[in-house]
Each structure stands twice: as C-alpha cells, then as structure tokens.
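**Student:** One structure, as structure tokens, below. Some questions next.
The values are calculated or read from the model by the stated rules, or taken from the named source; none is laboratory data. Just so you know, these numbers come straight off a predicted model, no measurement behind them. Reconstructed Cβ throughout: ideal geometry from the backbone, glycine too, with neighbour counts over all protein chains shown.
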C-alpha cells in the first residue's frame, strides 16, 4: 500500500475501530448470496420464456427444468463466492455500496420470482 | 392409523424441515437483532456465540433439507404426468389443480412462485452462518455486515414463509399421496 495514500476511514468501510478481520470476506459472501438469489429467479424466468432453455435446464427429468435452474444458480453463487473471497478476503471494502448492490439483487430476485411479474415481462 | 409413503415424505419435508425452520427464525432474528442494536448492554458471551453459531448452521441445514427434499422427492410426485386415458387425477396433484379454473391458481401462482423463491432461504442462511462463523466476536465491530446478515435473514424468513404457506395450501387442495401404505398403529373400534 502506498504510504502517501490517506488511511481509509473505518466508518466509510462500515467498520468500527478495533476490528481485527477485514470486511472483504463478508462482502464476498453477502454480494454472492444476493447474486445467487437473483440467478434462481432469472434462470426460472428465462426457462419459462424460452422452451429451448427449459429443455437445457432439464438436468433431472422427474424434477424438470427446476433442477437445472437451481443447480446452475447454486454453481454460479458458489463460484462467485469463491472468486470474490480470493480477491477481497484481505481487503476492507465500502460495505454500504456492497450491501446496496446485494439488496438490489435480492429485491430484483424476489420481484422476478413473483409469477405475475414474470408473465408481465414476457407479455403473457 | 395408516399413511402412505408419499404423504409421510411430504409431511417430513413440510413439517419436519420447513416447519421447524420457520419456527427457528424467531430465535435467530431476535439474536441477530440484538447484535445489530447500537447500544448492546450485554454482548454475546463465548458460550452464547457458540450456541448461535450452531443454531445458524442447523437452520442452514434445515433450509437445504427442505428445498432438496421438496425439489427431488415431493415435486416429482406433484408434477407427474398421468398416462393417456387416465381421468382420475387424485395421484397427479398438478393435473388435478390445473383441471379446474377454480384451483389452477394454486399451481400457476402458488407452486410457480414457491418452487423458486424457496431457494433464497438456504442461500441466505448459508451466507449468514458463514459470516457468523468467520467473524465471531469481531462481528460486533462490523455494523454494515451485521445489518446485511439481519436483512438477509429477514429475506430468508419471507421466502420460507411464502414457500411454506403455499406448500400447505396446495397440499390441502391437491394432496400428494400414493406409494406404499405405512401402518402406524393398529386401529381399534
């Protein structure tokens, strides 16, 4: 770290004085969880809108496209969590921004999962 | 007194895992809220932290148990397609619901919503448990992280509540049934 740079304000990072662990690991977990929830709904919507994609998502026939929708979302969530943890694990990040993005993804996921909204987007 | 294998598995999915998870939210939300309040007169002791850590891990496991048993055991029975010519849909709940406009909404809104939103709970609770494990007592010095963990737990509760409520109501309108008969107790006249 460049010694000429001013030290980051802990309050800006969402940390209180005296914290021993940087917030990067938490930021990675929180953001990837938001993205994972969003992916479940997004893939569900895409599978519903495009029959060809629903066929691709049909990993396990008795469960149908739901198997692929959720498996793909979980894989993306876990990969994103792993990558972000590697990149951010030792850093202190502006948690307010990370939280805002994570909540936005979570809210969008919740909205997209609501069938009438999904139907509206598809023009049904 | 007897039940069927499918009814038993559905009850274990809905009550054994899902119902227990919904009950567990009250304890987790109170403890996490206590962590989030700015004036914590009594911070968690090492023993309480250990207890909450175990509690959150069990909640995450219950959430995974609920969605996995739902998606890979109960849902295939629910969505099974009847063979050609079959008109009695008692063993085919999805077909039974869609057969009447009065009940089709239970599938088109209820099941379509529940089957996706339910997965928010295990994802969110896994994150909350992992953050609590990683940070432990240091979590008291990360206000934004505490608030995010609390918000995701609330979101998980809402998601599990939607899934649980629709699951119960759908199963009331078109119960999953069939499979081997399990005799729980000899009946008496």
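**Student:** Of everything in region B:151-189, what is more than 14 Å from residue B:10 (Cα to Cα), touching a residue at least 24 places away in the same chain (Cβ under 8 Å) and buried (at least 19 other Cβ atoms within 10 Å of the Cβ)? Give them in sequence order.
**Tutor:** B:152, B:153, B:155, B:156, B:157, B:159, B:160, B:162
**Student:** Pull up region B:35-69, narrow it to residues that are assigned to a loop (DSSP other than H, G, I, E, B) and surrounded by 11 or more Cβ atoms within 10 Å (Cβ to Cβ), then point me to the one that is nearest to the chain's Cα centre (by Cα).
**Tutor:** The first filter runs over region B:35-69 and keeps only residues assigned to a loop (DSSP other than H, G, I, E, B), leaving B:37-45.
Subsequent filtering for residues that are surrounded by 11 or more Cβ atoms within 10 Å (Cβ to Cβ) retains B:40, B:43-44.
Values: B:40: 31, B:43: 30, B:44: 28 Å.
Going through the qualifying residues, I end up with B:44.
**Student:** Tally time: how many residues in region B:140-175 are out of contact with any strand residue (DSSP E or B) (no Cβ under 7 Å at 6 or more places or on another chain) and within 13 Å of chain A (Cβ to nearest Cβ)? Steps first, please.
**Tutor:** Taking region B:140-175 and keeping what is out of contact with any strand residue (DSSP E or B) (no Cβ under 7 Å at 6 or more places or on another chain), we get B:140, B:143-175.
Cutting the leftovers down to within 13 Å of chain A (Cβ to nearest Cβ) gives us B:140, B:143-163, B:166.
Matching residues across region B:140-175 total 23.
**Student:** Let me ask something else about it. Could you count how many residues in region B:145-168 are at pLDDT below 95 and under 18 Å from residue B:105 (Cα atoms)?
**Tutor:** 0
**Student:** Residue check, residue B:184 against (1) at the interface with another protein chain (Cβ under 9 Å from one of its Cβ atoms); (2) out of contact with any helix residue (DSSP H, G or I) (no Cβ under 7 Å at 6 or more places or on another chain); (3) at pLDDT below 95, all met but one. Which one?
**Tutor:** (1)
**Student:** Keeping to region B:70-114, report how many residues are more than 13 Å from chain A (Cβ to nearest Cβ) and assigned to a helix (DSSP H, G or I).
**Tutor:** Going through region B:70-114 one residue at a time, the tally reaches 5.
**Student:** Does region A:75-98 contain at least one residue that is within 24 Å of residue B:78 (Cβ to Cβ), touching a helix residue (DSSP H, G or I) at 6+ places or on another chain (Cβ under 8 Å) and within 8 Å of chain B (Cβ to nearest Cβ)? Before the answer, list the steps.
**Tutor:** Narrowing region A:75-98 to residues within 24 Å of residue B:78 (Cβ to Cβ): none.
No, region A:75-98 contains no residue that is within 24 Å of residue B:78 (Cβ to Cβ), touching a helix residue (DSSP H, G or I) at 6+ places or on another chain (Cβ under 8 Å) and within 8 Å of chain B (Cβ to nearest Cβ).
**Student:** Another question, then. Look at residue A:72 and say whether it is over 20 Å from the mean Cα position of the chain (by Cα), assigned to a helix (DSSP H, G or I), more than 10 Å from chain B (Cβ to nearest Cβ) and at pLDDT 95 or above. Break it down stepwise before answering.
**Tutor:** Values: over 20 Å from the mean Cα position of the chain (by Cα): no; assigned to a helix (DSSP H, G or I): yes; more than 10 Å from chain B (Cβ to nearest Cβ): yes; at pLDDT 95 or above: yes.
In short, no.
**Student:** If we keep just the residues of region B:115-139 that are over 22 Å from the mean Cα position of the chain (by Cα) and more than 8 Å from chain A (Cβ to nearest Cβ), which is modelled with the highest pLDDT?
**Tutor:** Initial filter on region B:115-139 (over 22 Å from the mean Cα position of the chain (by Cα)): B:133-139.
Now narrow it down to the ones that are more than 8 Å from chain A (Cβ to nearest Cβ): B:133, B:136-137, B:139.
Numbers: B:133: 95, B:136: 87, B:137: 83, B:139: 87.
Looking at residues that are over 22 Å from the mean Cα position of the chain (by Cα) and more than 8 Å from chain A (Cβ to nearest Cβ), I get B:133.
**Student:** In contact (Cβ under 8 Å) with a residue 24 or more places away in the chain, away from chain A (no Cβ under 14 Å) and surrounded by 16 or more Cβ atoms within 10 Å (Cβ to Cβ): does that describe residue B:24? Can you show your working first?
**Tutor:** Values: in contact (Cβ under 8 Å) with a residue 24 or more places away in the chain: yes; away from chain A (no Cβ under 14 Å): yes; surrounded by 16 or more Cβ atoms within 10 Å (Cβ to Cβ): yes.
For residue B:24, the condition - in contact (Cβ under 8 Å) with a residue 24 or more places away in the chain, away from chain A (no Cβ under 14 Å) and surrounded by 16 or more Cβ atoms within 10 Å (Cβ to Cβ) - is met.
**Student:** So residue A:65 fits all but one of (1) more than 9 Å from chain B (Cβ to nearest Cβ); (2) surrounded by fewer than 21 Cβ atoms within 10 Å (Cβ to Cβ); (3) under 19 Å from residue B:75 (Cβ atoms); what number is the exception?
**Tutor:** (2)
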